[in-house]
1. Among the residues of segment 161-187, how many are part of a helix (DSSP H, G or I) and within 21 Å of Asp61 (Cβ to Cβ)?
2. Do we have any residue at all in segment 104-111 that's modelled with pLDDT under 95, at negative phi and surrounded by 15 or more Cβ atoms within 10 Å (Cβ to Cβ)?
3. Scan (1) surrounded by 15 or more Cβ atoms within 10 Å (Cβ to Cβ); (2) over 18 Å from Cys76 (Cβ atoms) for the single condition Asn22 breaks and write down its number.
4. Take the conditions assigned to a helix (DSSP H, G or I), more than 20 Å from Gln110 (Cα to Cα) and in the same structural domain as Ala93 (by TED's automatic domain parsing) and apply them to Ala75. Does it pass?
5. Given the residues Gly36, Gly31, which is the only one that is more than 17 Å from the chain's Cα centre (by Cα), farther than 19 Å from His122 by Cα, modelled with pLDDT of 95 or more and surrounded by 18 or more Cβ atoms within 10 Å (Cβ to Cβ)?
6. Identify the residue in segment 39-66 that is closer than 21 Å to Glu113 by Cβ and among the acidic types (Asp, Glu) and, among all such residues, is surrounded by the fewest Cβ atoms within 10 Å (Cβ to Cβ).
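The values are calculated or read from the model by the stated rules, or taken from the named source; none is laboratory data. None of these values were measured; they are calculated from a predicted model. Virtual Cβ from ideal backbone geometry, glycine too; neighbours counted across all protein chains shown.
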Amino acid sequence: MIRILLAEDMHMVRGALVALLNLESDLEVVGEVERGDEIIPTALALKPDVAVIDIDLPGLDGLTAAERLHEKLPACRTLMLTSLGRPGTLRRALAAQVYGYLLKDAPPKQLAESIRRVAAGHRAIDPQLALAAWGGAENPLTDRENEVLRLAAQGTEAPEIAKRLHLTAGTVRNYLTAIVTKLNARNRVDAIRIARESGWMV
């Protein structure tokens with residue numbers, strides 16, 4: 001029996017997924033959470049074989065949670081569910097040691113089969129997404145620039161970003177200018193949009 005932890009914040013979607021997966025004779029949903037920051041404690045308590053994680057979760061995004069889960073409980077393999085097939089996000093998922101990556105509108109049988117593949121130690125990635133990721137552009141921003149842009153996307157102003165990252169406000173403004181230039185954006189808001197659409201920022 002493959003034991004599954006399901007992380008999905010939409011109640012109706014989560015309920016439907018639990019019902020579908022429990023119809024399979026070799027799959028059992030042993031735990032379900034609605035927030036990203038609930039994944040690690042629940043997984044450590046239940047020791048599932050596979051964690052099926054939605055990318056967009058409150059509390060902690062799914063990819064960061066998957067990364068931490070791999071560190072804390074390497075025996076539990078992860079399969080990401082997403083409604084948007086962004087090449088940059090798939091590359092981030094692979095870097096986070098994720099085994100599976102599937103679109104939410106995939107047929108239920110494909111999800112069950114992907115969970116079996118992941119549990120057996122194989123990759124299960126939507127072929128169209130894999131193709132898009134192969135041809136997609138690499139993120140041109142440095143880790144620090146990504147950090148600055150992520151905070152800016154949350155509505156944090158330059159002085160507050162500076163305080164949080166132990167930088168000067170001038171240095172933060174320089175980073176934001178560099179980000180806008182690198183992404184060929186019109187302004188900060190446009191840079192955030194480009195980074196999100198490319199999957200470089202969740």
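1. Total meeting the criteria: 4.
2. yes
3. (1)
4. No; evaluated as a whole, the condition is false for this residue.
5. Gly31
6. Asp49
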